[in-house]
1. Just wondering, is there one or more residues in the range 48-55 that are hydroxyl-bearing (Ser, Thr, Tyr), farther than 14 Å from Met359 by Cβ and surrounded by fewer than 16 Cβ atoms within 10 Å (Cβ to Cβ)?
2. I'd like the full set of residues that are in contact with a helix residue (DSSP H, G or I) (Cβ under 9 Å, 6 or more places away or on another chain) and basic (Lys, Arg), limited to the range 166-194.
3. Hey, any hits in the range 128-137 for a residue that's in contact with a Ser or Thr (Cβ under 8 Å, 6 or more places away or on another chain), part of a loop (DSSP other than H, G, I, E, B) and more than 16 Å from the ligand (Cβ to nearest atom)?
4. Can Leu32 be described as away from the ligand (no atom under 16 Å from the Cβ), in contact (Cβ under 8 Å) with a residue 40 or more places away in the chain and aliphatic (A, V, I, L, M)?
5. Could you count how many residues in the range 331-377 are free of Cβ contacts under 8 Å to residues at least 12 places away in the same chain and hydrophobic (A, V, I, L, M, F, W, C)?
6. Of all residues in the range 81-105 being within 16 Å of the ligand (Cβ to nearest atom) and among the hydroxyl-bearing types (Ser, Thr, Tyr), which is surrounded by the fewest Cβ atoms within 10 Å (Cβ to Cβ)?
7. Select, from Gly90, Gly102, the only residue that is within 30 Å of His10 (Cα to Cα) and not basic (Lys, Arg).
8. Please verify whether Thr144 is over 24 Å from Cys283 (Cα atoms) and either part of a strand (DSSP E or B) or among the charged types (D, E, K, R) (or both), treating the condition exactly as stated.
Amino acid sequence: MNTMIAARLHAYDAPMTLDRIAVPQPRPNDVLVEVKACGVVPNLARVVSNFFGKLTPDNKLMPPLPAIFGLDPAGVVAEVGDQVWSVRPGERVYVNPARSCGSCRMCRSGQPYDCPGWTLQGYFGRSQEIMRAYPYGGLAQFITAPATALVKLPDSASFEAAARFGYLGTAYAAMRKIGVGPGQALLINGISGQLGLNAAQLALAMGATTILGTGRNQNLLDRVKALGPGRIDIIAVSDAPPGPADPLVAWAKKLTDGYGVDGVIDCLPPGAPGSAMMRALYCLRRGGRAVNVGAVMETLPLNAFWLMTNRIGLEGSVWFTTAEGEDMAAMAAAGTLDLSALEHGVSPLSKVNEVLAGMDERNGGFTNFVIDPTRVE
Ligand SMILES: [Zn+2]
């Protein structure tokens, strides 16, 4: 029997342990991927403390224990199932962890992201069945995944950069919903965090001509502006109440000929107040559109009459499709998406608990936490 090392969680709020387990066999439509890099998101520390499991009364969001976490795996195809024809062993890939049931009304009608069982492999989700079918997260040396989940990576995209695709793709899907492109003015609320920085990099790649960003740390904001000084403007925000008289709104209007921005992407971190998101929405022009991909959990002080009379659109977005992942890989290959500002902090699998405990120490969104499961030291 072939074996591998996986970091497994046996109890919530306890450290992961390195266990030797069997290498899984791919089912007919699946592939086996040897993981070379897996992104670690700061939120994983909350997940392994069962924060999200406790949000539902029946606690059905979390995978059965022992669980292997790891959201953003990239590696090399090791084996393919006998029904897989367009992917071959040796190919470099990112594994999109988004899973759906494949047979409900939404899946059958081509909207798998609206599947009631939608689940993120290696994280948590709405279907215990899917989590049992795909129990391998990227904090293991091998994982199985459906062949349809693979994003083929160009040679120019490193495994470490691909391990950041979760944030990048989340931002990209939001920007596609807004229609970001030339001539558009976009406000990224929380531009110096993981999601916000990737949104800025993508907005540059997608041709947005005016990219406005909010944040709190002037140092980090200056570094973000340096990515595109002619197109990015940043502002350090305080805690002013939301409303049309907010200095943030005046700043956004001044930079958009008095109109306000065409789109807002909200990338605020967990714990940010609803008022901080509302302030960004007031920067929209009449008819502007906002997409929330941030983690504000508080109720918004939202005036529905203002929303209606200003024809404002507000929607939520979660994760990204494999097709959107392919777009990003193509932009990286063409050189239009520049990810060179990311600072990869690569650690061996044996340091996973230390990495999770130390994630508050980072240079905002520039730090990219990566685990290399091939190294067990
Ligand atoms: Zn479904």
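1. no
2. Once the filter is applied, which keeps residues that are in contact with a helix residue (DSSP H, G or I) (Cβ under 9 Å, 6 or more places away or on another chain) and basic (Lys, Arg), the range 166-194 yields only Arg176.
3. Checked the range 128-137: at least one residue is in contact with a Ser or Thr (Cβ under 8 Å, 6 or more places away or on another chain), part of a loop (DSSP other than H, G, I, E, B) and more than 16 Å from the ligand (Cβ to nearest atom).
4. yes
5. Count: 1.
6. Per the criteria, the residue is Ser103.
7. Gly102
8. Considered against the rule, which asks whether it is over 24 Å from Cys283 (Cα atoms) and either part of a strand (DSSP E or B) or among the charged types (D, E, K, R) (or both), Thr144 comes out as yes.
The values are calculated or read from the model by the stated rules, or taken from the named source; none is laboratory data. Everything quoted here is computed from the prediction, not taken from an experiment. Note that each Cβ is placed from the backbone with ideal geometry, even for glycine, and that neighbours are counted across all protein chains shown.
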